[in-house]
Amino acid sequence: MTELGSAPVPPLDADDHVRGAEDATLVIEYADFECPFCAVLSARLADRLLRRAFRHFPVRSSHPRAWSAACASEAAGAQGKFWEMHDLLFADQGRLEDPHLWQRARELGLDLARFDADRRSEKVLARVRQDFESGIRAGVVTTPTLWAGGVLHPGKVDESVLTTLERGARP
Amino acid sequence: MHAWGFVRNTLGERVIEPGTPAPEFTLARAEGGEFTREDLAGQTSVLVFYPFAFSPVCTDQMGLYDEVRGELASRGATLYGVSCDATWSQTAFREQLGVSIEQLSDFEPKGETCRAFGVYHPGGFPQRALVIIDPDGVVKWSYQADSPGDLPGANLIFDGLAD
């Protein structure tokens, strides 16, 4: 049985997708690829000197294509292209149907048959679910939610918070 | 959540306390029947009192909780959404979201069940509150958000079940 009671945001582990300078302040995004506010936050974070980790938090009723997009990103990740797929998904949220996912996979030079098998695999589903459940346990209720300095910031994050984090201080 | 600012700090009575037997109540089911205290017997019920169908926070709440419905079911717990909206509105809300959480209406006499559970807001809608009732019909756990605009995480329900 899955344990979904309260627990802190888990620290980074080998499964996490992380980018940015290792000595920069770590922020963890709970987000989904169909969420327009997540795309905005992602673009804002890209302009900042921060170390970023991305965790999936797809909710079907709000964003019916978020789960399949999350699985597509993990399948791309299995071929070493998570962040590339992450960027392509956020770049065009109006095109998240299967043919659009295949087109992105081709653009990234992925093995298409493997991509398609992987994104439907139990392993990838479990990987996305693992992120989602870690968010549930931490009390994430909406996307995007940014974990930074030990605090969850649901929704829009003030520029001042990002600037403070960039300077290495707690917001 | 500035949209809810007008209802902040207007809380009066509080949600029913754990250890209290569930009160007598009658709610309307979408298909036309009634849901009463007798329907709580033999199962763990999670009553999710929410202010308004289609409002932003309630939309997020139903979608979020629907994602963990399976885990709750595996613990023998069933979720019910409760509001003062008419059954037709609740059904449209549920169908638009594509969620499976059964909706129960406290439309007429308006708010009577909410009052019985201590969650009727002076503004004429339910407080955002969660009540877990055990198979013997006794309140096992309850929670009322500080503001109707605050969304309690689904983790709190699992904490409540584990208490």
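Bear in mind that the values in this text are calculations on the coordinates, not laboratory data. Keep in mind that what you see is a predicted model, and the values were worked out from it rather than measured. Virtual Cβ from ideal backbone geometry, glycine too; neighbours counted across all protein chains shown.
Under 14 Å from the Cβ of B:Tyr143, count the other residues' Cβ atoms, weight Lys and Arg +1, Asp and Glu -1, and hand me the total. Could you put the intermediate results ahead of the total?
Working: positive: B:Arg14, B:Arg128, B:Lys140; negative: B:Glu17, B:Asp146, B:Asp150, B:Asp159, B:Asp163.
Charge balance near B:Tyr143 sits at -2.
Under the shape rule built on the C-alpha gyration tensor, where the axes satisfy a ≥ b ≥ c, the stretch B:30-113 is oblate, since a/c reaches at least 1.5 while a/b does not exceed b/c.
Treat every Asp and Glu Cβ in the stretch A:22-166 as -1 and every Lys and Arg Cβ as +1, leave all other atoms uncharged, and give the resulting dipole magnitude about the Cα centre to the nearest 20 debye. Please report the intermediate quantities before stating the final value.
Numbers: 19 positive and 22 negative charges, 70 e Å.
Computed about the Cα centre, the dipole is about 340 debye.
Projecting the Cα positions of A:Leu12, A:Ala39, A:Leu50 onto the charge dipole of the stretch A:1-87 (unit charges on Cβ atoms of Lys, Arg, Asp and Glu, taken about the Cα centre) puts A:Ala39 furthest along the positive direction.
Fewest to most neighbouring Cβ within 10 Å: what's the order for A:Ser160, A:Ser6? Intermediate results must be reported in sequence, preceding the final value.
Numbers: A:Ser160 9, A:Ser6 14.
Listing A:Ser160, A:Ser6 from fewest to most nearby Cβ atoms yields A:Ser160, A:Ser6.
Comparing mean-square fluctuations of A:Leu49, A:Leu110, A:Leu12 from a GNM of chain A with C-alpha springs under 10 Å, the top value falls on A:Leu12.
An ellipsoid equivalent to chain B, defined through the eigenvalues of its Cα gyration tensor, has semi-axes of 20, 18, 17 Å when rounded to whole angstrom and sorted largest first. Within the stretch B:103-126, what residues put their amide N at less than 15 Å from the label point 7 Å along the Cα-to-Cβ vector of B:Arg37? B:113-118, by backbone N distance to the label point.
Lacking any other cysteine beta-carbon closer than 4.7 Å, the following Cys residues of chain A have no compatible partner: A:Cys71.
Amide H contacts under 5 Å for B:Lys140: B:Gly19, B:Ile132, B:Ile133, B:Asp134, restricted to partners 5 or more places along the chain or on a different chain, H placed in the peptide plane at 1.01 Å from N. Once R0 is set to 35 Å, what does the formula 1/(1 + (r/R0)^6) return for the Cβ-Cβ distance between B:Ala92 and A:Gln130, expressed as a FRET efficiency to the nearest 0.05? So the FRET efficiency works out to roughly 0.55.
Taking Cβ atoms as reference points and 14 Å as the exclusive limit, the residues near A:Glu107 contribute a net charge of 0, counting Lys and Arg as +1 and Asp and Glu as -1. Shape class for the stretch B:27-76: oblate, because the ratio a/c of the largest to smallest gyration tensor axis (alpha-carbon atoms, square roots of eigenvalues) is 1.5 or more and b/c is at least a/b. In terms of packing, defined here as the mean over residues of other Cβ atoms within 10 angstrom, the peptides B:89-101, A:92-104 line up highest first as B:89-101, A:92-104. Who wins for biggest fluctuation among A:Ala14, A:Ala39, A:Ala69 in a Gaussian network model of chain A, springs between alpha carbons below 10 Å? Of A:Ala14, A:Ala39, A:Ala69, the most mobile in the Gaussian network model is A:Ala14. Antiparallel beta bridges, as assigned by DSSP with both residues in the stretch B:1-135, represent about 55 percent of the total such bridges.
Can you give the net charge of the other residues whose Cβ lies under 12 Å from the Cβ of A:Gly135, counting K and R as +1 and D and E as -1?
Numbers: positive: A:Arg55, A:Arg129, A:Arg137; negative: A:Glu29, A:Asp32, A:Asp131, A:Glu133, B:Glu67.
Counting the neighbours of A:Gly135, the net charge comes to -2.
With a ≥ b ≥ c taken as the square roots of the eigenvalues of the C-alpha gyration tensor of the stretch B:95-163, please select rounded if a/c is under 1.5 and otherwise prolate if a/b is larger than b/c or oblate if it is not? Because its axes are fairly even, with a/c under 1.5, the stretch B:95-163 counts as rounded. Remark: mean inter-chain Cβ contacts per residue of B:60-71 equal 5, using a 10 Å Cβ-Cβ cutoff to other protein chain atoms. Shielding by partners for peptide B:94-105, expressed as the average number of C-beta atoms from other protein chains within 10 Å of each residue's C-beta, is 1.
Per the helix-only calculation at 222 nm, which mean residue ellipticity applies to the protein assembly as shown, given -39500 (n - 2.57) for every DSSP H run of n ≥ 4 and division by its residues, nearest 500 deg cm²/dmol?
On the way: 12 runs with 119 residues, N = 334.
After summing the helix terms and dividing by residue count, I get -10500 deg cm²/dmol.
When every Cα-Cα distance of chain A is counted in 10 angstrom steps from zero, the calculated P(r) takes the values 10, 40, 36, 13, 1 percent.
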